[in-house]
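Taking it in order: structure first as structure tokens, then the write-up.
Readers should treat all values here as calculations from the given coordinates under stated rules, not as data from a laboratory. Treat the numbers as computed from the prediction; the structure is a model and nothing was measured. Because the Cβ atoms are built from the backbone with ideal geometry, glycine has one as well, and the counts that use them run over all protein chains shown.
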Amino acid sequence: MKKNRQINKPLSIFVKEHVVCSVTGEISDVLEKSNILSTILDAYELSPDSDNYVFSWHIVDSYLAQRLKEHEEVVFKWGQNYYWGRTDFGQAIEIDNVIREIAKEDGVT
């Protein structure tokens, strides 16, 4: 018997509406080569040795970018895109505490 997923359907829809895609592989090299990554990490006081380090990058819409900033998440705009530096690892985005908090504040169940 399969276990029921812990992801609420409206929450997964919220994520699909606001998280465009994962771009970790594509952007990591660009950020490192352009020195943008070190500037971002310094601004947020993050390092590979800390508990709060960016493990993946996602393009998000402007609404979620603003909401993530309000929750002191790593977010920056480059070109026409907003990038979220996700510090959680190994779980669905719907399970991230910050996403759940934002969704709850927005009335998503």
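Mind checking which residues of the range 97-109 are within 28 Å of Asp42 (Cβ to Cβ) and surrounded by fewer than 20 Cβ atoms within 10 Å (Cβ to Cβ)?
The answer is Asn97, Val98, Glu101.
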Residues satisfying the stated conditions in the range 75-96, i.e. surrounded by 10 or more Cβ atoms within 10 Å (Cβ to Cβ) and within 13 Å of Asp61 (Cα to Cα): Val75, Phe76, Lys77, Trp78, Asn81, Tyr82, Tyr83, Trp84
Under 19 Å from Ala43 (Cα atoms) and not basic (Lys, Arg): is that true of Leu64 in this structure? no
Given the residues Arg67, Arg100, which is the only one that is of a type outside the set (Asp, Glu) and either free of Cβ contacts under 8 Å to residues at least 60 places away in the same chain or in contact with a Lys or Arg (Cβ under 7 Å, 6 or more places away or on another chain) (or both)? Arg67
Count of the range 52-109 residues which are within 18 Å of Pro10 (Cβ to Cβ) and aromatic (Phe, Trp, Tyr): 1
